Structures are given as C-alpha cells and as structure tokens.
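A short write-up of the structure that comes next.
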Amino acid sequence: MDTEKHIKKFDKQVGIYERMRNNDRFHKHRSALFGGAYGEVLEVAVGTGLNFPHYKGVDHLTAVDFSKKMLESAEKEAVNHPFPVQFINEDVEALTFADNSFDTIVSSLSFCSYEHPGEVLNRFNRWCRPGGRILLLEHGLGRSKVLQVIQKAVDPLTMRTIGCHQKRDISKIVGDSDLEIMNLERRVFGAVYLVEAAPQR
C-alpha cells in the first residue's frame, strides 16, 4: 500500500466528516458504545472528533490520525469538550506505545482501511491495561448473501477512491486476534459491528 496516497484520500474527506457532526448516522451507535470509555483513553483514527461528545468518563485522551487535515479539524472540535487531548499525527500501524498505557482504546470505522488490521488489534492488546477495554465500532460484511455479493463487488472501487474496504469480516478479524471478545453486537443488516473486548496476556 502507498501510505501517502492512502492518506490523501482521507485528507479529501475532511469536509464530509465535519458535516457529519450535525447529521451522523452512527450517532446512536457511538453513544451506546463509547459512553463507557474511561480513564486514560487512546482513540485511533480520530478523524474530525465525532466521538468526542460521547465521552463521559475520560480523564485524558490521546488522539491519533495519519491525516494531518483530519487532526487539525479534531483539534478545533476538542475545545468544546472538558477533557485534555494530546494529538499525534501518525499511522497507527507504525505507532509505538509502552505496554499497559491505556484504560480504554477506541476505534470507529477505521478497520476498513488498515493494511494489517489483525496486527493493529494485537497492538491494542499490549497497550491496554489489565482490566481495561477495547471498544470498536466498525463496518464490514453484512449477514445476507445478497448484501455480501454487493459489498464484494464494490470493494475495489471504494478502496481505490476513499480508502475503505467493504468486505472485511470484523467478527473473524477480532476473533483471530489476541483480544478476548466480551460482547459483540451486529446492527444494520449485520454490517455494523459494536465490539467490546478485553486484553489477554
């Protein structure tokens, strides 16, 4: 994967994500899942900060994104919220944190774009403290065969244009990782995944 070209695809989408602040079709899913984030929190692929309004128990947020333009938008949004935020402009697949650094790790709609999503989850397993939580809101393969056929057909186009895979089996990716799945719900024809996982040592 050409990382620089991949980043530029997301740079071009900043305006779309900023408009989602007033019309976010994932709002109720974010609220249901990310209201449980607490303590020292890492959010990867933070985008424009759409999850910020849903954080209730965050003491400090480390917000990571490989798109500088996305991160600049998130910085502007952060002033509207009470918790301190450290912003890091980096690709999570190249990022390093000490083991046991965070109480909660959050990802929303980012596992469609990673080259090695399983390896990212295994990093989360190391970075999350014992007793902590990894919270994932992701999209992927739906339940019906018809929907899966459509998703697989459009996958090359969406990956080429917006950097997003449609056909990833999120349940399998998480299940094959080092994480322990505590709860997994599938909504919207099974194509939206709400995952609560815990680290295993």
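The values are calculated or read from the model by the stated rules, or taken from the named source; none is laboratory data. The model shown is predicted, which means the values in this text are computed figures rather than measured ones. Cβ atoms come from the backbone with ideal geometry, glycine included; neighbour counts cover every protein chain shown.
Candidates in region 83-107 are the residues that are assigned to a strand (DSSP E or B) and in contact with a helix residue (DSSP H, G or I) (Cβ under 7 Å, 6 or more places away or on another chain); of these, the one that is surrounded by the fewest Cβ atoms within 10 Å (Cβ to Cβ) is 89.
Residue 38: surrounded by fewer than 21 Cβ atoms within 10 Å (Cβ to Cβ), farther than 22 Å from residue 183 by Cβ and either hydroxyl-bearing (Ser, Thr, Tyr) or over 17 Å from the mean Cα position of the chain (by Cα) (or both), yes or no? Against the criterion (surrounded by fewer than 21 Cβ atoms within 10 Å (Cβ to Cβ), farther than 22 Å from residue 183 by Cβ and either hydroxyl-bearing (Ser, Thr, Tyr) or over 17 Å from the mean Cα position of the chain (by Cα) (or both)), residue 38 does not qualify.
So that you can scan it fast, the table gives a plain yes or no per residue for (1) among the basic types (Lys, Arg); (2) touching a residue at least 12 places away in the same chain (Cβ under 8 Å); (3) touching a His at 6+ places or on another chain (Cβ under 7 Å); (4) crowded, with 17+ Cβ neighbours inside 10 Å:
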{"site": "61", "(1), (2), (3), (4)": "no, yes, no, yes"}
{"site": "81", "(1), (2), (3), (4)": "no, yes, no, no"}
{"site": "112", "(1), (2), (3), (4)": "no, yes, yes, yes"}
{"site": "117", "(1), (2), (3), (4)": "no, yes, no, yes"}
{"site": "150", "(1), (2), (3), (4)": "no, no, no, no"}
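Quick test of your reading of the structure: residue 110 fulfils all but one of (1) closer than 20 Å to residue 26 by Cβ; (2) in contact with a helix residue (DSSP H, G or I) (Cβ under 7 Å, 6 or more places away or on another chain); (3) small (Gly, Ala, Ser). Name the failing condition by number. Of (1) closer than 20 Å to residue 26 by Cβ; (2) in contact with a helix residue (DSSP H, G or I) (Cβ under 7 Å, 6 or more places away or on another chain); (3) small (Gly, Ala, Ser), only one is false for residue 110: (2). Do the conditions hold for residue 176, that is, is it of a type outside the set (A, V, I, L, M), surrounded by fewer than 19 Cβ atoms within 10 Å (Cβ to Cβ), at pLDDT 95 or above and over 24 Å from residue 32 (Cβ atoms)? When the stated conditions are applied, residue 176 passes them. Can you find even one residue in region 58-65 that is of a type in the set (Asp, Glu), within 22 Å of residue 132 (Cβ to Cβ), part of a strand (DSSP E or B) and more than 16 Å from the chain's Cα centre (by Cα)? Checking region 58-65: at least one residue is of a type in the set (Asp, Glu), within 22 Å of residue 132 (Cβ to Cβ), part of a strand (DSSP E or B) and more than 16 Å from the chain's Cα centre (by Cα).
Residues that are over 23 Å from residue 161 (Cα atoms) and surrounded by 14 or more Cβ atoms within 10 Å (Cβ to Cβ) occur at least once in region 19-28. Only one of (1) more than 24 Å from residue 6 (Cβ to Cβ); (2) out of contact with any Ser or Thr (no Cβ under 7 Å at 6 or more places or on another chain) fails for residue 112. Which number is that? For residue 112, the failing item is (1). For residue 163, indicate whether it is farther than 28 Å from residue 38 by Cα, in contact (Cβ under 8 Å) with a residue 60 or more places away in the chain and of a type outside the set (A, V, I, L, M). Judged against the criteria, residue 163 is a match. For residue 171, the conditions (1) of a type outside the set (Phe, Trp, Tyr); (2) out of contact with any helix residue (DSSP H, G or I) (no Cβ under 8 Å at 6 or more places or on another chain); (3) surrounded by 14 or more Cβ atoms within 10 Å (Cβ to Cβ); (4) more than 19 Å from residue 30 (Cα to Cα) are fulfilled apart from (4). Selection within region 41-59: residues that are among the small types (Gly, Ala, Ser) and within 23 Å of residue 164 (Cβ to Cβ). The member of this set that is surrounded by the most Cβ atoms within 10 Å (Cβ to Cβ) is 49.
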